[in-house]
1. What pairs come up if the first residue lies in the stretch 111-129 and is under 20 Å from Thr33 (Cα atoms) and open to solvent by 20 Å² or more (accessible area, probe 1.4 Å), the second is acidic (Asp, Glu) and modelled with pLDDT of 95 or more, and their beta carbons are under 7 Å apart, counting only those six or more places apart or on different chains?
2. Kindly indicate whether Arg23 is modelled with pLDDT of 85 or more, in a helix (DSSP H, G or I) and surrounded by fewer than 16 Cβ atoms within 10 Å (Cβ to Cβ).
3. Is it fair to say Val36 is surrounded by 15 or more Cβ atoms within 10 Å (Cβ to Cβ) and farther than 18 Å from Glu122 by Cβ?
4. Considering every residue within the stretch 84-103, establish whether at least one is surrounded by 14 or more Cβ atoms within 10 Å (Cβ to Cβ), among the hydrophobic types (A, V, I, L, M, F, W, C) and under 18 Å from Ser24 (Cα atoms).
5. In the stretch 34-73, which residues are at pLDDT below 90, aliphatic (A, V, I, L, M) and not in a loop (DSSP other than H, G, I, E, B)?
6. Of the residues Ala71, Ala63, only one is open to solvent by less than 30 Å² (accessible area, probe 1.4 Å) and without any contact (Cβ under 8 Å) to a residue 60 or more places away in the chain; which?
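The values are calculated or read from the model by the stated rules, or taken from the named source; none is laboratory data. Here the structure is a predicted model, which means the values were calculated and not measured. Every residue, glycine as well, gets a Cβ built from its backbone with ideal geometry; the counts of neighbours run over all protein chains shown. SASA here: full protein model, heavy atoms, side chains in, ligands and nucleic acids out. Shrake-Rupley method; radii C 1.70, N 1.55, O 1.52, S 1.80 Å.
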Amino acid sequence: MAEPRAHALVLYRASATADAALRSLSEREARMTVVVLAREEMQRKGCCDTRSVLWNRICRDLAREDLSRAADAVGGRRRVAFQILGAPASDPAGAIAREAIRCGADEIILADPRGCGLGRIERRRLRRRSAVPVRG
């Protein structure tokens, strides 16, 4: 079996499968950063175009709800941090890979690969671009 890592970046999106995976992962001795992806559209510079601003706000609100559910799933574990990762809609895989490096993660874990918010091509792109191993 693979050696446990010291710090895992866990990509989470609320689902029963992701909750069960998060509970199981939180029992490890490793630190964990649970990240919920909030895709952001570029804001237009036009005088009256507020669609992207509103869309980004809605995505962040939904991400906050998912983080709340993730916190409930792991209980009061001390080694678990939670955050929203704002990512450009055009490159979420790149944002996740950069965040893993920034926070010093040893691995990226997709709590529910099919329901994590990344499509099959984006998951493949994440595996190719990430400097740390991707599981799930």
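1. Final answer for the pair search is none.
2. Judged against the criteria, Arg23 is a match.
3. Working: surrounded by 15 or more Cβ atoms within 10 Å (Cβ to Cβ): yes; farther than 18 Å from Glu122 by Cβ: no.
No: the conditions fail for Val36.
4. no
5. Val53, Leu54
6. The conditions single out Ala63.
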